[in-house]
Amino acid sequence: MKKVFLTFVLALFSMVSFAQTAWKVDPMHSSVNFNIKHMGISFVQGRFDKFDGKVIAAADHLNNAEFSFFVEVNSINTGVEMRDKHLKSADFFDTEKFPRMTFESGSVTKDKNNTYLLKGKLTIKDVTREITVPVTFGGVSKNQQGKEVMGFQATFKVNRLDYNIKYDPTGAGVAKDVDVNLYFELIKQ
């Protein structure tokens, strides 16, 4: 009987130690930002105001975590209404046909210190491509309500032409590469 009980306790401990924890994006403490060169001499900055996502992790780190995020493209905001309307048109994002951008992770590997390499599939419009994103893990803490929160940031480039955003294909007026900056705080569920 002791062997059966001991086996049960070990099995239960194994299940608990490998349990997956869900972390959901806190939109009040997160942002999805971009920066693109204009006319080769200046930059236009913008953001997406509506987004959501989650991370499923086995512990309070990102090893082998699963990432899933989406952005409501219609929420694009550069601070200039006329430009935002143009960015929503078929010249750029065509938000009527393609209302969301998505990212689904494939793998996460530890790099140096608090840096991880996140590989996954980014979908913009009708194109899905594999990308690798360096992620800086900020750690885990408790917020003012006593809930556990996790933070990370990611900075990477996307060639907009790879995703059928073909307006000004020469890149003379609107650059081909877009700098993306993500800052996420997630709440443990």
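The values are calculated or read from the model by the stated rules, or taken from the named source; none is laboratory data. Being a predicted model, the structure only gives us computed values, none of them experimental. All accessible areas refer to the heavy atoms of the entire protein, side chains included, with ligands and DNA or RNA removed. Shrake-Rupley method; radii C 1.70, N 1.55, O 1.52, S 1.80 Å.
To the nearest 10 Å², what's GLU148's accessible area with a 1.4 Å probe?
60
Of the residues ARG100, ARG129, ARG160, which exhibits the maximal mean-square fluctuation in a Gaussian network model of the chain defined by a 10 Å Cα contact cut-off?
Greatest mean-square fluctuation among the candidates belongs to ARG129.
Could you pull the accessible area for LYS110 with a 1.4 Å probe, rounded to 10 Å²?
Taking all protein chains as shown, LYS110 has close to 100 Å².
Hey, what angle do you get for helix 2-17 against the long axis of the chain, alpha-carbon based, 0 to 90 degrees rounded to 10?
The answer is roughly 20 degrees.
Considering every pair of different Cα atoms, what Kirkwood radius, in Å, is found for segment 68-184?
Result for segment 68-184, one decimal place: 16.0 Å.
Would you work out what percent of the accessible area of segment 10-109, with all protein chains in place, is carbon or sulfur (probe 1.4 Å)?
About 58 percent, which is the carbon plus sulfur part of the accessible surface.
Considering amide H positions built from the backbone, and no H for Pro or chain starts, which residues 5 or more places from ASP111, or on another chain, come under 5 Å of its amide H?
TYR116, LEU117
Exceeding 29 Å between C-alpha atoms, which entries from my cross-link table qualify? They are LYS97/LYS147; LYS85/LYS142; LYS112/LYS188; LYS112/LYS166; LYS110/LYS157.
Details: LYS97/LYS147 38 Å; LYS85/LYS142 40 Å; LYS112/LYS188 25 Å; LYS112/LYS166 36 Å; LYS110/LYS157 20 Å.
Exceeds cut-off: LYS97/LYS147; LYS85/LYS142; LYS112/LYS166.
Under a 1.4 Å probe, what is the accessible area of the chain per residue, stated in Å²? Mind showing how you got there, number by number?
Working: 11610 Å² over 189 residues.
Heavy-atom SASA per residue in the chain reads 61 Å².
Please check: in the Gaussian network model of the chain (C-alpha springs, under 10 Å), which one of ILE131, ILE41, ILE76 has the largest mean-square fluctuation.
Of ILE131, ILE41, ILE76, the most mobile in the Gaussian network model is ILE41.
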